[in-house]
Structures are given as C-alpha cells and as structure tokens.
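Input: a single structure, listed below in structure tokens.
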Amino acid sequence: MQERGSVIQEEDERGQQPGHNCEVEEWDSDEPIPSKELERRVVGAHGLLCLLSDRVDKGLLDAAGANLKVISTLSVGVDHLALDEIKKRGIRVGYTPDVLTDATAELAVSLLLTTCRRLPEAMEEVKNGGWTSWKPLWMCGYGLTQSTVGIVGLGRIGQAIARRLNPFGVQRFLYTGRQPKPQEAAEFQAEFVPIDQLAAESDFIVVACSLTPATKGLCNRDFFQKMKKTAVFVNISRGDVVNQDDLYQALASGQIAAAGLDVTTPEPLPTNHPLLTLKNCVILPHIGSATYRTRNTMSLLAANNLLAGLRGQPMPSELKL
C-alpha cells in the first residue's frame with residue numbers, strides 16, 4: 001500500500017457486507033494527487049490514507065459519500081483536515097504522532113546550528129573565492145553556550161529539542177503555550193513566560209507549536225520587533241504560524257540576526273520569493289521527519305491505523321475528535 005492518496009474499498013467474498021477483503025486504489029507517484037483526481041477516486045471509498053499535502057475538506061467528504069468511515073493521515077499535523085466536518089460525519093481519524101518526534105527535533109537543532117553559525121554563507125565563500133585568509137571577525141555567528149533559548153510550544157517535539165540543546169551549555173530555557181507544563185519543564189528547568197517576554201529575552205527562538213486559529217500569524221511584526229537584534233529565529237512547525245512579510249522585513253532591516261525555516265507558506269516556496277534573496281535566511285523543503293527509519297515507521301503506523309479503523313478495532317494512534 002502506498003501512502004499517497006490511497007483509497008480503500010472494502011467488500012466481503014460475496015461483494016456485500018464490508019469487513020474482510022480490501023481493494024486498494026493507489027496514486028502511484030511522488031507528486032501530490034490533483035484534488036479533482038482525488039475527488040473522483042474517493043467516491044464510495046470506506047477509507048482514505050492521505051498526506052499533509054492532501055486537503056480533506058467538505059467538498060472531498062461530500063464526493064466520498066456516506067461509505068467513508070476512516071481517514072488515516074501520514075502526519076502528526078492535521079491542519080489539512082476539516083475536522084469539524086469529519087466529526088459531524090462520525091469519521092474516525094488516525095495520525096502519526098511520536099514516531100517523528102526525534103527526527104524532527106534533530107532537524108530543528110541542525111537547522112538552528114546551520115543558521116546561527118552561518119554555514120550556507122561560509123560554504124558559498126569557499127566556492128566563490130571569498131575565502132582569502134583567516135580574519136578575526138569574518139563569518140562570525142552566535143553560539144549556544146550561556147544563551148537563553150525560547151521554545152514556542154513545549155509539546156513532544158519542543159521537549160525533544162530542549163533535551164538535545166541542553167548539553168550545548170544553554171543557560172536558560174523559556175517556553176510559552178496555552179498553559180504551563182511544570183512536569184515536562186522540570187527536566188530543563190524551563191520557565192513558563194508570556195510570549196512577549198520570550199521574544200524579548202531569548203537569544204534563540206524555536207517555534208514548535210501546532211497550527212491553530214490562535215497560533216496563525218503568531219510570529220508577526222510586533223513579535224519580531226521585541227526580539228534582540230542578535231537573536232536567531234527557527235520555525236519547524238507550520239508556515240502559517242509566521243507572517244513571512246514581517247519576517248522578511250525583520251531580517252532585511254537587521255531587526256533580528258537570522259532565521260531558519262523548515263516550513264513556509266506556500267510549500268514549495270516560489271523560487272522568486274524575497275526570503276530567498278537573503279543571506280541570513282536558511283530555508284529547507286519541509287524535511288523535519290525525513291529519515292528512512294522515521295518515514296517507514298510513519299507509513300506502517302498510517303496503514304495500521306486505517307486497517308484497524310476499517311475493522312472497527314482500536315487504532316494504534318487515533319485522533320480524539
């Protein structure tokens with residue numbers, strides 16, 4: 001079973017009551033299935049296995065019809081799913097949390113280090129002849145030792161990021177979110193603070209929250225203006241958490257030192273986007289969970305979620321609606 005746009009039609013040996021044999025229809029490509037094609041193929045399906053690039057909205061649910069009982073997404077984020085509509089129809093949803101936590105945290109730390117130590121700039125200087133000799137302040141960046149790190153969203157991934165940054169000699173961890181998490185924060189002696197304080201006092205800020213109406217556009221002009229001019233901003237959550245126009249202005253004007261993004265709006269980011277003209281902005285193509293082990297485990301979990309849902313059994317990982 002491929003994970004992209006797979007549609008499950010179930011029937012028993014007599015072609016009647018669903019529950020025994022599965023007929024699987026696949027979109028056999030690494031490129032996203034066009035929305036109209038997905039709408040056509042999902043008609044009458046009992047289950048849908050999708051990716052975060054597949055918009056499961058009211059139109060798609062209407063096209064699927066009353067047979068659709070299970071949706072399994074190969075992602076931890078579910079902002080591509082119309083959850084209110086899905087809940088109304090009594091459709092169960094499986095997702096893939098936990099299995100990508102370590103890989104995403106590793107990528108977040110890699111992106112932070114790449115950005116704060118200006119590695120893409122340094123590599124380019126080697127290639128273009130800009131490396132002429134050793135110079136005292138040339139290619140200087142910012143170090144983690146004795147720094148203050150602010151984490152927006154101390155969930156599974158936020159905690160895993162802090163756990164990996166701690167050995168670098170971070171002096172202080174701050175975090176913000178919907179509510180304090182004293183048990184989780186105790187491991188890092190992290191302080192729960194208002195977001196304005198986190199912005200003002202952090203040397204490094206890592207955004208690891210989920211995308212909700214409350215977090216959409218959370219990192220905007222006011223947020224960046226409160227940050228230190230030497231601060232480094234990293235986003236590995238969702239692109240819509242950040243107002244990219246405001247981020248561009250903050251970077252171009254020197255309001256903040258640098259930014260590293262693994263997520264953007266839209267995805268892929270157009271090659272003529274202003275952020276791509278900046279030396280102090282490192283952008284990756286949403287590869288937070290991109291290790292072979294993680295993606296294989298996600299695929300297996302997504303498939304098992306779907307099959308369990310079709311059988312009326314508990315899913316290994318079901319979203320509570």
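For the reader, a short list of remarks on this structure follows.
- Hits in the stretch 36-70 (condition: exposed (fewer than 14 other Cβ atoms within 10 Å of the Cβ) and either touching a Phe, Trp or Tyr at 6+ places or on another chain (Cβ under 9 Å) or of a type in the set (Ser, Thr, Tyr) (or both)): GLU37
- Qualifying residues in the stretch 2-32 (those that are in contact with a Cys (Cβ under 9 Å, 6 or more places away or on another chain) and within 21 Å of SER75 (Cβ to Cβ)) - the one modelled with the highest pLDDT: SER6
- Only listed residue being of a type outside the set (A, V, I, L, M), touching a Gly at 6+ places or on another chain (Cβ under 8 Å), farther than 20 Å from LYS216 by Cβ and modelled with pLDDT of 95 or more, chosen from THR176, THR145: THR145
- Considering residues of the stretch 49-64 that are of a type in the set (A, V, I, L, M) and in contact with a Gly (Cβ under 8 Å, 6 or more places away or on another chain) only, the residue farthest from THR265 (Cα to Cα): ALA64
- For the stretch 56-74, the set of residues classified as farther than 22 Å from ALA290 by Cβ and under 19 Å from the mean Cα position of the chain (by Cα) consists of VAL56 only.
- The stretch 37-63 residues that are more than 18 Å from ASP79 (Cβ to Cβ) and touching a residue at least 40 places away in the same chain (Cβ under 8 Å), paired with ones that are among the charged types (D, E, K, R) and assigned to a loop (DSSP other than H, G, I, E, B) (beta carbon under 6 Å, 6 or more apart): HIS46/LYS69
- Among the candidates VAL241, VAL234, residue that is under 16 Å from PRO120 (Cα atoms) and in contact (Cβ under 8 Å) with a residue 12 or more places away in the chain: VAL234
- Of the candidates GLY158, GLY239, GLY177, GLY153, the single residue that is crowded, with 16+ Cβ neighbours inside 10 Å and touching a Cys at 6+ places or on another chain (Cβ under 6 Å) is GLY153.
- Take the conditions (1) buried (at least 18 other Cβ atoms within 10 Å of the Cβ); (2) on the phi < 0 side of the Ramachandran plot; SER253 misses just one of them, which is (1).
- First in the stretch 301-321 and assigned to a helix (DSSP H, G or I), second anywhere and among the basic types (Lys, Arg), Cβ under 6 Å, 6 or more apart: GLY309/ARG92
- For the stretch 163-191, a tally of residues being under 19 Å from MET227 (Cβ atoms) and of a type in the set (A, V, I, L, M, F, W, C) returns 5.
- Considering only residues in the stretch 133-165 that are among the hydroxyl-bearing types (Ser, Thr, Tyr) and in a loop (DSSP other than H, G, I, E, B), the one that is farthest from ALA257 (Cα to Cα) turns out to be SER133.
- Per the conditions (1) part of a strand (DSSP E or B); (2) under 20 Å from PHE204 (Cβ atoms), the sole criterion not satisfied by GLU121 is (1).
- Considering the conditions (1) at pLDDT 95 or above; (2) under 28 Å from SER289 (Cα atoms); (3) of a type in the set (Gly, Ala, Ser); (4) assigned to a loop (DSSP other than H, G, I, E, B), GLY77 is excluded by exactly one of them, (1).
The values are calculated or read from the model by the stated rules, or taken from the named source; none is laboratory data. Only a predicted model underlies this, so the values are computations on that prediction, with no experimental measurement involved. Every residue, glycine as well, gets a Cβ built from its backbone with ideal geometry; the counts of neighbours run over all protein chains shown.
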